[in-house]
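Data first, discussion second: the structure below is written as structure tokens.
What follows draws every value from the coordinates through simple rules; no lab data is involved. Everything numeric in this text was worked out from a predicted model, so none of it was measured. All Cβ positions, even for glycine, are placed from backbone atoms using ideal geometry, and neighbour counts span all protein chains on display.
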Amino acid sequence: MSRTDLPVTPVQHACGCGDADHGVPELDVRPIPHAIRHATVFGAMSAIPHGGSLVLVAPHDPKPLLAQLADREGPITVTYLDEGPEAWRLRVTRA
């Protein structure tokens, strides 16, 4: 069985709400006011476990944000999924 054939097992939230996570969460920051955009990404990324990923959708290449994120969260890997011009989609993984 290849890695892509493995079943996705939902992970229950520790909060006890009964909901489950499926796949990689996607955060589209384009509608978020610029003044709180970075803080929103920091908060979302802090909820991702080590080895987990978040797909980030941004209106431009977020290199300064990625540097700040690495400083705050430790090592990350970034895979560009789409490179503009209207939206940049990146998979950010906590190492």
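Amide H contacts of Asp28 (H built 1.01 Å from N, in plane; Pro and chain starts excluded): Val57 sit under 5 Å, all sequence-distant by 5 or more or on other chains. Couplings 3J(HN,Hα) of segment 43-48, computed from phi: x, 5, 5, 5, 8, 8 Hz, in residue order, whole Hz [Karplus 6.51 cos²θ - 1.76 cosθ + 1.60, θ = phi - 60°; x for Gly and Pro]. The phi torsions of segment 50-55, fed into the Karplus equation with coefficients 6.51, -1.76 and 1.60 and a -60° offset, translate into couplings of 4, x, x, 10, 9, 8 Hz, rounded to whole numbers, with Gly and Pro shown as x. The modelled label-to-label distance for the pair Thr79/Ala95, using points 7 Å beyond Cα in the direction of Cβ, is 1.6 nm. Were the residues from Ala67 through Thr40 laid out at 0.36 nm apart, the gain over their Cα-Cα distance would be 8.2 nm.
Computed from backbone phi, the HN-Hα couplings of segment 81-95 come to 9, 9, 10, x, x, 8, 8, 10, 10, 10, 9, 10, 10, 7, 6 Hz, rounded to whole numbers (Karplus: 6.51 cos²θ - 1.76 cosθ + 1.60, θ = phi - 60°; Gly and Pro given as x).
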